[in-house]
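Participant: This structure is in structure tokens; I'll ask about it shortly.
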Amino acid sequence: MKRHLLSAADLSRDDALLILDTAEELARLADRPIKKLPTLRGRTVVNLFYEDSTRTRTSFEAAAKRLSADVINFAAKGSSVSKGESLKDTALTLEAMGADAVVVRHHASGAPHRLANSGWIRGSVVNAGDGTHEHPTQALLDAFTMRRRLGSFDGRRVTIVGDILHSRVARSNVRLLHTLGAQVTLVAPPTLLPVGVATWPCAVSYDLDAELPKSDVVMMLRVQHERMNAAFFPSAREYSRRYGLDGLRFAAMPEHAIVMHPGPMNRGMEIAAEVADSPRSTIVEQVTNGVSVRMAVLYLLLSGSESAIGSTEETS
Amino acid sequence: MSSYLLRGVRPLGGEPTDLLLADGRISEIGCGLSATGAHVVDADGLIALPGLVDLHTHLREPGREDAETVETGTQAAALGGFTAVHAMANTSPVADTAGVVEQVWRLGQQYGHADVRPVGAVTVGIAGEQLAELGAMADCPAGVRVFSDDGHCVSDAVLMRRALEYVKAFDGVIAQHAQEPRLTEGAQMNEGEMSAVLGLGGWPAVAEEAIIARDCLLAAHVGSRLHVCHVSTAGSVELIRWAKSKGWDVTAEVTPHHLLLTDELVASYDPIYKVNPPLRTAADVEALRAGLADGTIDAVATDHAPHPDEAKDCEWAAAAMGMLGLQTALSVVQQVMVDTGLMSWAEVADRMSTRPARIGRVDGHGRALEVGAPANVTLIDPSASWTVEPHALASKSRNTPYRTMTLPGTVYATFLRGNATVLDGKLA
Ligand SMILES: [Zn+2]
């Protein structure tokens, strides 16, 4: 695959499976008394976060440290970034620090593409969430979690529910799950689906109740209350009534089906507490799996010239 | 004043003949002309067009002289074959008073590369609240006839109605930047398949079309002239075709970039492709070409919008909107309209000189190439090609989306009232 991980579309089926298999191997480390591997000793991984996300940043940080990499956290707040330094100048600074990989979270869609393709830095770029575009490592950890619970992807039905329009998690999951052979259905009020969604490799429905009995996985997305101020839906109560996963709807799911959520949750809005805390909810597991998957991504991108992830592709 | 004998030139791409430019006019046309003392130009294979007129140019002066000045912008214009440009009003200070438009007009005269026709703002500070002193701008030496809040839409229907009515007193025209503001809050690119994938805020076609429909109806209601800036969607072309079919006095322009580039380029997230209105789909491009060819769209206008490097060397959302256009316009039009067989050179002259001059009420420009007409003439070599090198352009800025592209057609010479502003492809 490519030198960078910017989008789930960058991953072939083989790339994706290799990452998941590698993550499985690395996950076994977690059971050993010494959790560290020397693989990335002497390599520098920079976490460049323009948005607050302790959850994602600490996950990447733990992943890099377990591979013995040096980690630099470059947060937008408390650095020159908040004084308005340009992305380019920050990138040049990171290059001067000798960053081998830059893990970037940015509020602007495409910012990781710019970092990777503008000739500002030589290291690998990992997209840790960009605007309303993509969050590929979240999709990978979701896929990892699904495979652990359900075995394989072929023919599995995954229903993703919520604010698809603004969700980078949904975009990455649709791409990746399609690549892996699952059947994805998006469920949302029409206002929260992008114009153009018809060309995505998935089905679309406005009716959650019709989809639940057919689903192997139901992934609930966070819906921000503020969206109702922009008339995406009339009220939190109505949203919850039509698209929330409550106990009754949970009971309509097949017995083997699991419930996922990328977090952070709005309990009582898109998901009821009893559902979030059920044994068929994978929400805590997803966090644990995040570290293994991110270790696999960093390992495959950085471990040597014949990167196990696949061929390198030069970008200009 | 020197005179020029253009030997073997093909007016509007027709049969070769000789053209004598003397005393600021086309003084003779015919085979085997001779003129003592005239500078002879071997124009074998070259096409003569009436000097091009741009209805939509951002010269950035006053206020953003780091991006462009009247001097560098009109140099780029001359090199692109233009003899007159309309300088948009969104400068700093805004061109909303007679003082500012007169200053811009005088700078144009001082440098002499092309006639500068200032556009006056419709509203004070292009803030969309209060009419600017349109009459004062019309009556001052700059003689403003085109008024526009370009960059912003005159979205208030009452204000737009009043502006359309008011400028009738001095034969003015309102050039509307059609963008419904509420529908384009946070908009970053054309709303459709690409915006859905790229996660960039969508800029729906309807935001442009709804304003055009409203303005056509307003113009018809009050019997005024309306000009629509940079139409970018298939639906806009249909609406303008409909308005013209009613006999209403509605004109429209299209930019070269909307005739060539599509929103698929945004997949690179390179802000060199960020522009207002945004690049649209291939179907829109096709409809725009057809609309230009059948005359629904009256003019090609560059929307030349220089920006310094740092305004583009950043993430998409932070970047400025706009692209250079003066030096590449004719080549792009040749590639997409002439070389494809959609338009003749005579039609290029109509859309890039005759009609824009008429819309802007630009005296002495856009005239037929005939004896006695002012010698505003552009000589082009349609068989040559060139590769766009941003640093080699005359503009102060380098934000061209055509960098490294090879385009057909070069401007060999430009004459402004008989004086060469460009000769042998270089500033004279
Ligand atoms: Zn405009």
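Participant: For peptide B:308-316, compute the average count of partner chain beta-carbon atoms within 10 Å of each residue's beta-carbon.
Facilitator: Mean number of neighbouring Cβ atoms from other chains: 5.
Participant: Give the distance, in whole Å, between the Cα centre of segment B:260-317 and the Cα centre of segment B:50-115.
Facilitator: The distance from the Cα centre of segment B:260-317 to that of segment B:50-115 comes to 21 Å.
Participant: Determine the alpha carbon to alpha carbon distance for each of A:36/A:214; A:2/A:35; A:2/A:65; B:312/B:426 and list only those over 31 Å. Each step should come with its number before you reach the end.
Facilitator: Values: A:36/A:214 42 Å; A:2/A:35 28 Å; A:2/A:65 23 Å; B:312/B:426 28 Å.
Violating the 31 Å limit, Cα to Cα: A:36/A:214.
Participant: Additional query: Return the long-range amide H neighbours of residue B:61 (sequence gap of 5 or more, or a different chain), with a cut-off of under 5 Å between placed amide H atoms.
Facilitator: Amide H to amide H, under 5 Å and 5 or more residues apart or across chains, residue B:61 pairs with B:70.
Participant: Something else: Pop out the ³J(HN,Hα) list for segment B:58-65 in order, Karplus 6.51 cos²θ - 1.76 cosθ + 1.60 with θ = phi - 60°, rounded to Hz; leave Gly and Pro as x.
Facilitator: 9, 8, 6, 9, x, x, 10, 5
Participant: Can you tell me what share of the DSSP beta bridges in segment B:51-359 is antiparallel? A percent to the nearest 5 is fine.
Facilitator: Approximately 5 percent, going by the DSSP bridge assignments.
Participant: Given H placed on each backbone N at 1.01 Å, which residues far from residue A:47 in sequence or on other chains put an amide H within less than 5 Å of it?
Facilitator: A:72, A:73, A:74, A:103
Participant: When DSSP beta bridges are limited to those with both residues in the protein assembly as shown, what percentage is antiparallel, rounded to the nearest 5?
Facilitator: Once the DSSP bridges in the protein assembly as shown are tallied, antiparallel ones form about 30 percent.
Participant: What are the ³J(HN,Hα) couplings of segment B:10-26, residue after residue, when phi is run through the Karplus curve with 6.51, -1.76, 1.60 and θ = phi - 60°? Round to Hz, x for glycine and proline.
Facilitator: 10, x, 6, x, x, 5, x, 7, 10, 10, 9, 9, 8, 6, x, 10, 7
Participant: Looking at segment A:79-211 only, what percent of DSSP beta bridges run antiparallel? Nearest 5 please.
Facilitator: Bridges in segment A:79-211 that DSSP calls antiparallel: roughly 5 percent.
Participant: 5 Å is the cut-off here: which amide hydrogens, built 1.01 Å from N in the peptide plane, fall below it relative to residue A:184, excluding neighbours closer than 5 in sequence?
Facilitator: Amide H neighbours of residue A:184: A:158, A:203.
Participant: Applying the Karplus parametrisation 6.51 cos²θ - 1.76 cosθ + 1.60 with θ = phi - 60° to the phi angles of segment B:89-101, what ³J(HN,Hα) value in whole Hz is obtained for each residue in order, glycine and proline being reported as x?
Facilitator: 8, 7, 9, 10, x, 5, 7, 10, 9, 4, x, 5, 5
Here, each number is a calculation from the coordinates, and none is a lab measurement. None of the values given here were measured: they were computed from a predicted structure. Here Cβ is always computed from backbone atoms with ideal geometry, including for glycine, and neighbour counts include all displayed protein chains.
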